Every structure is written in C-alpha cells, then in structure tokens.
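Laboratory data are not the source of any read-out in this text; all were calculated from the coordinates shown. Everything numeric in this text was worked out from a predicted model, so none of it was measured. Don't worry about glycine lacking a Cβ; one is built from the backbone with ideal geometry, like all the others, and counts go over all protein chains shown.
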Amino acid sequence: MKYDETELRVRFNEVDSWGMVWHGHYITWFEVGRMALLGKFQLLPKDFARMGYIAPVVDLKCVFKEPAHLDEEILIRTTVLKPTKAALTFRFQVQRKSDGKLLASGEETQVLLTLDGRMLYIIPQDLREKFQPLFDYLEEPDSAA
Amino acid sequence: MSDDLVLELKKLTIETLKLEEFSPEDIEDDGQLFGDGLGLDSIDALELVVALEKNYGVVIPDSEVGERVFRSVNTLAQFVREQSSISGQPSAKK
C-alpha cells in the first residue's frame, strides 16, 4: 500500500509542559496529510461540496508509540483504503524523519452525505469516477521502496 | 417461509456486525435495530447494506430508504420480499 508523504517541523505551540507534542496535535497532523493527498486529486471539502456532498468523520483512532519533540522533522504518511462500502477510511503514520521511527499511527473513517443531510449507502457513480485517479495513484509502486 | 427469512436476516445481522453477544432469539422481530433498540449506528448500516446486496441482491441507496427499511427485522424482511417480487427472484439467500 502506497503512502503519500508530507513533511512538517514540530512547532513551539505543539509541545506541552512535559516537552513532548500534545496528543491532540497528531489529529491535526492527520488532517494535514489528508488534505495534502486529497488536494492532489481535487477532492478537497470544497470539491465535494461543489459536487453536492459532504464527508463527515465518524470514527477516529490514534495510537501513540513514541513522543515527538520540538523542532523535530516529521513525516506524515497518508493513504486511503479502497472502499468496500460507502465510506472512506484513511490510514496515517507519523514518522520521525531522522531515523524513520514510527511515532504514531491512526485511522479515520468518513461517510458520505448529500448537502441536505441524506447519508449515502452506495457510492454514486460521479464520486466513483472522481476517486479513481486517487486509488490508481495509491496502487502505483512506492518509488521510495 | 416468511419466518425463515426473518430468522435468516437476524443471523445475517449478527454475523455481519459481529454481534457475538447476541443470538437470533435476542432480536425482536418488531424491535428497533438502530438507536435505542439493538444499538446499531450509521457504519453498521453501511456494512448491512453491503451484506444485503451480496446475499439478496437488494439495493438500499441511502438513509432515506434505510430509515424505513431498517426500522425492524420485519420491515427489512418486507423490503427484501418486495424487491424480490419486483425482480422476479425468490427472496432466498444467494
């Protein structure tokens, strides 16, 4: 499974009084990775809304392995599982760039709603076609491998 | 026949949603499947939709239809029977 990568440097406001990144910021980092990946395929929230859909998050998990610290360069690695139902599940890894150490991993699931609040149980054809380039990209061999 | 379908649907619900603590006898025919009843949620609905299409060839496109269909096992069975008579296929598990 291919992961898309985004780099960040840990900022002062992200570190708690114990000198490690506060756990809530990892969720923000997941968002950074998700937006970076989706932005490549015109699948940002504004693109969904333009098509008549929203995709709220209904499930979110994060497992914390090692703490990140101020000024460390991190890699936010993001992928999306090919859907088996009308939901998008993203998987995330946060790695320390210097040694590749896995700092945290997570998963987020979004469902699909129309703008008038109807939840879709089947992914409509227009969204399937819009998603295909994203899944084609994630099935390409990882050039870093 | 209709009791068989209701029982099948209960078993399918338990198996699909991994409700290990439940047996078919624990699920009331007219009991609420979502919210206060069996406690299923929107993600469970998505899983059930996939299982129902796979096993019975019925399509539940969205929550508007789902609200009516998933009210209880009886309403679900009614929907499967209706869709089967429309398609001309027997409402039996594939």
*Nearest 10 degrees, 0 to 90: helix B:42-56 Cα axis against chain B principal axis*: 30
*For the Cα atoms of chain A, what angle does the longest principal axis make with the long axis of helix A:24-39, in degrees from 0 to 90, nearest 10?*
50
*Each residue of region B:68-79 in order: what ³J(HN,Hα) in whole Hz does its phi give by Karplus 6.51 cos²θ - 1.76 cosθ + 1.60, θ = phi - 60°, with x for Gly and Pro?*
7, 5, 8, 4, 7, 5, 4, 5, 5, 4, 4, 5
*Please identify, among B:E28, B:E53, B:E20, the residue showing maximal mean-square fluctuation in a Gaussian network model of chain B using a 10 angstrom Cα cutoff.*
B:E20
*Rounded to the nearest 10 degrees, what's the angle between the helix A:125-139 long axis and the longest principal axis of chain A, both from Cα atoms, 0 to 90?*
40
*Express the relative contact order of chain B as a whole percentage, based on alpha carbon pairs under 8 Å and six or more residues apart in sequence.*
31
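Rounded to the nearest 20 debye, what is the charge dipole size of region A:92-145 about its Cα centre when +1 sits on each Lys and Arg Cβ and -1 on each Asp and Glu Cβ? Display every interim value, and only then the final one.
On the way: 6 positive and 10 negative charges, 50 e Å.
Using Cβ point charges on Lys, Arg, Asp and Glu, region A:92-145 gives about 240 debye.
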*So, in Å, what gap is there between the alpha-carbon centers of region B:1-37 and region A:17-81?*
37
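Would you list A:M35, A:M119, A:M1 from fewest to most Cβ contacts within 10 Å? Display every interim value, and only then the final one.
Working: A:M35 15, A:M119 20, A:M1 10.
Listed from fewest to most nearby Cβ atoms, that is A:M1, A:M35, A:M119.
Do any trypsin sites (Lys or Arg not before Pro) in region B:1-76 lie in a loop, going by DSSP, with at most 13 other beta-carbon atoms within 10 Å of their beta carbon, and if so which?
B:K18
Does region A:4-132 classify as rounded, prolate or oblate by the C-alpha gyration tensor (a ≥ b ≥ c root eigenvalues; a/c under 1.5 gives rounded; else a/b over b/c gives prolate, otherwise oblate)? Please list the in-between numbers first.
Details: a/c = 2.41, a/b = 2.25, b/c = 1.07.
Prolate.
Taking only pairs that are 8 or more places apart or on different chains, how many Lys pairs in region A:4-132 have Cα atoms under 14 angstrom apart?
Values: A:K40/A:K130; A:K46/A:K130; A:K65/A:K101; A:K82/A:K130.
For region A:4-132, qualifying lysine pairs total 4.
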